[in-house]
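Accompanying notes for the structure given below.
The values are calculated or read from the model by the stated rules, or taken from the named source; none is laboratory data. What you see is a predicted model; the values in this text were computed from it and never measured. With ideal geometry, Cβ positions are generated from the backbone for all residues, glycine too; neighbour counts draw on all protein chains shown. The area values use the complete protein model at the heavy-atom level, side chains included, leaving out ligands, DNA and RNA. Shrake-Rupley method; radii C 1.70, N 1.55, O 1.52, S 1.80 Å.
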Amino acid sequence: MSSRNETRRWLFLLILMMAAAAVYAHTIDAPFYFDDVPNIVENPAVHLTRLSIEDVRRAASESPLGNRPLSYLSIAANFYLGGLDTTSYRLVNIMMHLAATGLLFLVIHATLELVDYKPRSHRAAIAFLAALIWAVHPIQTQAVTYIVQRMTAMAGAFYLLCLWLYIQGRRSGSPAGRIRWWVGAVLAGAASLASKEIALTLPASIFLYEWFFFQNARLQWLRRATVPLLLAAGGLLLAVMIYTDFHPVRSLLGSYGDREFTLGQRLLTQPRVVVFYLSLLFLPLPGRLSLLHSVTISTSWVAPVTTLFSIVLLLALLALALWLISRDRLSAFALLWFFGGLVIESSVVGLEMIYEHRLYLPTMFLGMAFFCLLQRLVGSRSQGAVFVVMGVLCIVLGYWTVERNQLWNDPVAFWTQTVAKAPDDARARGQLAAALMRRGDLEQAVVELKNTLALDETLLDAHLNLAAVSAYVGDEEGAVAAYNKALEIHGEAPEILIPFAGFYMRQGKYDTAEFLLERGLVNASDHAGLLNQIGRLYQERKKPEEARKMFERAIAADPGFAKAYGNLGRTLFVQGRTDEAVAALEQSVRLDPVNTGLNYNLGYAYEQMGRFEESAAQYERVLKIDPTDADVLYRSGFLLAGKLGRVSEGIEMLRRAVKAAPEDSRAQTAKIVLGQ
């Protein structure tokens with residue numbers, strides 16, 4: 001390759017990365033969504049505060065999806081560096097997408113070299129536009145902007161890295177060099193598989209690439225390729241066996257345990273889903289995209305009738321891909337890659353029916369196929385027109401991606417749009433209600449919670465949220481009705497009795513609260529949550545010794561119960577047993593490092609004991625988790641400016657405190673300190 005072409009290639013790569021970053025730059029402050037909560041916010045395994053071997057092992061292996069250790073380790077690293085501040089999480093997601101984009105450019109460029117595409121000077125431009133179409137396509141927003149789907153982006157990036165390293169190894173001029181490249185490819189493939197199970201198709205993808213571009217798609221080689229074929233099939237089979245604990249059939253059938261559809265119904269429905277995916281690729285208007293989609297389950301070949309149509313269409317596309325092998329290898333490969341990329345998530349495994357992020361890997365080479373199509377339409381002499389059309393398309397797609405991403409910054413708007421796309425999905429309405437609650441629009445939240453329960457009255461969270469909102473707005477009858485309805489459906493579950501008792505405790509009706517909790521203990525005498533709530537009841541009744549015993553019973557029932565340690569610490573502090581109190585509070589924070597209440601209680605205890613440096617450090621941890629906590633801002637500001645003599649830091653804290661809560665009783669004193 002000439003130095004001029006080499007310079008052009010790296011310049012295109014730089015512009016490509018900048019363009020891909022530009023369409024996602026405004027998403028870094030967007031909050032957590034949906035599955036982010038169980039996988040990140042409420043997943044103690046990834047709340048890494050120490051770099052110990054045990055904590056790292058726990059982050060990798062004790063998360064909800066245990067087969068994705070590398071993805072969870074990256075999330076744990078984010079937490080270690082920035083707590084639950086979403087900025088760092090989103091920056092990593094964007095960087096993963098940039099890595100995948102750059103690698104796609106390199107793979108496409110290498111592929112054009114392998115097919116000896118002429119003129120050579122156009123190879124970098126073609127690879128640039130093909131990769132850019134993929135990178136800025138709105139369909140990728142769910143894999144990039146949705147934090148938990150970093151799993152998909154990471155798997156995709158390492159998938160491409162593995163393929164690129166394999167290509168480099170095949171092109172290496174020495175056996176030693178080939179081995180080095182291929183060792184790297186194996187490591188990249190393992191990283192992809194440790195990110196998400198979609199990498200199970202890697203052996204087949206590499207085999208396909210080898211046949212297409214190193215063996216020129218010759219059928220003679222395919223007939224003789226027994227060893228590579230067996231290696232690819234064996235690698236896939238071994239990975240499947242490991243991931244299913246050597247019980248593939250049991251694991252497959254078990255994946256349908258809580259689904260509302262059967263294996264047969266899923267196989268009939270997925271062709272319609274894939275056709276819908278194709279429609280989103282061809283017309284990715286922001287209003288058509290959604291985190292959740294409503295899908296009618298296919299119950300036969302003609303129910304609905306679009307089932308048969310979709311199957312025929314996909315078979316025709318597959319036949320087209322096979323027909324193109326000897327006529328247009330680039331397009332044929334892109335189509336077969338698309339179908340292969342959907343094998344894991346759009347076939348027999350009992351996953352959710354539809355998610356847009358599943359198109360991240362399958363669509364990688366469609367930009368290359370689109371270029372080939374345009375070139376066939378206009379002829380090779382009008383290649384400039386092809387570049388113009390693809391460039392304009394990239395601008396339009398990028399604009400739509402920016403528009404779609406803006407929605408992620410507003411949870412209420414985001415879930416309102418999701419409900420519009422999936423009006424019968426109770427989860428979407430429940431999420432909209434929660435977003436409305438966080439925004440303070442409680443009246444509309446009640447409406448959406450009732451809509452949620454009309455769709456699915458078994459959703460416990462919706463009942464509890466309805467009760468909580470009703471109580472907050474003063475509708476005590478509504479709150480009691482919501483709690484009683486939950487009890488009617490779910491029985492005397494501790495998850496209901498605990499907040500129900502808390503409702504009566506806030507009203508000072510301690511006897512009623514105790515009655516509810518005692519009812520719970522009849523069937524769950526060692527339930528840590530119930531014991532903890534009874535301890536809190538004794539705290540309210542000014543019975544610290546009885547409270548202490550209950551908290552200790554709760555801890556004995558669940559040694560990892562952080563809130564019980566926190567409550568025990570507060571009780572011991574009241575009893576004057578300060579050393580024991582601090583030990584309990586410190587343990588509570590070790591168990592739940594992102595709980596602002598527990599961190600605050602420990603900071604307050606340090607402050608009361610005169611351990612001001614430790615108190616300030618603890619308050620700083622609270623503000624790292626919640627920078628707008630006015631109470632902690634005031635406390636920290638006065639502590640820093642007064643007791644510790646760190647005046648400039650204290651003044652900055654007080655300035656933030658006054659801005660956050662100007663009506664607070666401490667605001668006037670803070671303004672005096674600030675000279676206002």
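For segment 556-599, a tally of residues being farther than 21 Å from D55 by Cα and more than 26 Å from the chain's Cα centre (by Cα) returns 20.
One line per residue, one yes/no per condition, for (1) among the aliphatic types (A, V, I, L, M); (2) under 30 Å from P138 (Cβ atoms); (3) outside any loop (DSSP other than H, G, I, E, B):
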| residue | (1), (2), (3) |
| --- | --- |
| D245 | no, no, no |
| V249 | yes, no, yes |
| L268 | yes, yes, yes |
| S290 | no, yes, no |
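Taking the condition touching a Phe, Trp or Tyr at 6+ places or on another chain (Cβ under 8 Å) and among the polar types (S, T, N, Q), does S174 pass?
Details: touching a Phe, Trp or Tyr at 6+ places or on another chain (Cβ under 8 Å): no; among the polar types (S, T, N, Q): yes.
So S174 does not fit the description; no.
Tell me whether segment 326-346 contains one or more residues that are open to solvent by 40 Å² or more (accessible area, probe 1.4 Å), part of a loop (DSSP other than H, G, I, E, B) and farther than 30 Å from V107 by Cα. Scanning segment 326-346 turns up no residue that is open to solvent by 40 Å² or more (accessible area, probe 1.4 Å), part of a loop (DSSP other than H, G, I, E, B) and farther than 30 Å from V107 by Cα.
When each of L537, L602 is tested for being among the aliphatic types (A, V, I, L, M) and over 30 Å from I651 (Cβ atoms), the lone residue that passes is L537. Here G173 meets the list (1) more than 22 Å from the chain's Cα centre (by Cα); (2) at pLDDT 95 or above almost entirely, failing just condition (2).
For segment 42-63, name all the residues that are open to solvent by less than 40 Å² (accessible area, probe 1.4 Å), assigned to a loop (DSSP other than H, G, I, E, B) and more than 28 Å from Q431 (Cα to Cα). Within segment 42-63, S52 is the sole residue that qualifies. Just one residue in the set L359, L374 is modelled with pLDDT of 95 or more, of a type in the set (A, V, I, L, M, F, W, C) and either open to solvent by less than 50 Å² (accessible area, probe 1.4 Å) or farther than 30 Å from E260 by Cβ (or both); that residue is L359. Note on segment 401-410: residues that are under 14 Å from R288 (Cα atoms) and open to solvent by less than 20 Å² (accessible area, probe 1.4 Å) total 3.
Evaluation of L84 against the conditions (1) more than 12 Å from the chain's Cα centre (by Cα); (2) open to solvent by less than 20 Å² (accessible area, probe 1.4 Å); (3) not aromatic (F, W, Y) shows that the sole unmet condition is (2). Within segment 302-316, track down each residue that is open to solvent by less than 40 Å² (accessible area, probe 1.4 Å), within 33 Å of the chain's Cα centre (by Cα) and of a type in the set (A, V, I, L, M). I311, L314, listed by residue number. Remark: pairs (first residue in segment 133-144, over 19 Å from F105 (Cβ atoms) and touching a residue at least 40 places away in the same chain (Cβ under 8 Å); second residue open to solvent by 10 Å² or more (accessible area, probe 1.4 Å) and among the aromatic types (F, W, Y); Cβ separation under 6 Å; 6+ apart in sequence or on different chains) = P138/W400. Against the conditions (1) within 30 Å of S251 (Cα to Cα); (2) without any contact (Cβ under 8 Å) to a residue 24 or more places away in the chain; (3) aliphatic (A, V, I, L, M), V392 satisfies every one except (1).
Among the helices (runs of 4 or more DSSP H) confined to segment 126-225, the ones with at least 1 residues that are open to solvent by 20 Å² or more (accessible area, probe 1.4 Å) are located at 150-171, 175-193, 202-209, 219-224.
In summary, V388 fulfils each of the numbered conditions (1) modelled with pLDDT under 95; (2) closer than 30 Å to I297 by Cα; (3) open to solvent by 10 Å² or more (accessible area, probe 1.4 Å) with the single exception of condition (2).
Filter the helices (runs of 4 or more DSSP H) completely within segment 479-583 down to those with at least 1 residues that are open to solvent by 40 Å² or more (accessible area, probe 1.4 Å), within 29 Å of N451 (Cα to Cα) and not aliphatic (A, V, I, L, M).
In segment 479-583, the matching helices (runs of 4 or more DSSP H) lie at 494-506.
Restricting N78, N39 to residues that are without any contact (Cβ under 8 Å) to a residue 24 or more places away in the chain and surrounded by 18 or more Cβ atoms within 10 Å (Cβ to Cβ) narrows the list to N78.
Checked against (1) open to solvent by 40 Å² or more (accessible area, probe 1.4 Å); (2) outside any helix (DSSP H, G or I), A319 passes all but condition (2). Reported count of residues in segment 411-442, each being over 21 Å from P499 (Cα atoms) and either of a type in the set (G, A, S) or open to solvent by 40 Å² or more (accessible area, probe 1.4 Å) (or both), is 13. Just one of (1) outside any helix (DSSP H, G or I); (2) in contact (Cβ under 8 Å) with a residue 40 or more places away in the chain; (3) out of contact with any Asp or Glu (no Cβ under 7 Å at 6 or more places or on another chain) fails for Q431. It is (1). For segment 15-41, the set of residues classified as under 17 Å from W134 (Cβ atoms), not β-branched (V, I, T) and not in a loop (DSSP other than H, G, I, E, B) consists of L16, M17, M18, A19, A20, A21, A22, listed by residue number. Counting only helices (runs of 4 or more DSSP H) wholly contained in segment 604-676, the ones carrying 1 or more residues that are open to solvent by less than 20 Å² (accessible area, probe 1.4 Å), hydroxyl-bearing (S, T, Y) and at pLDDT 90 or above occupy 612-625, 630-638. I'd like to know if segment 248-267 contains one or more residues that are of a type in the set (V, I, T) and either open to solvent by less than 40 Å² (accessible area, probe 1.4 Å) or at pLDDT below 80 (or both). Among the residues of segment 248-267, not one is of a type in the set (V, I, T) and either open to solvent by less than 40 Å² (accessible area, probe 1.4 Å) or at pLDDT below 80 (or both), which makes the answer no.
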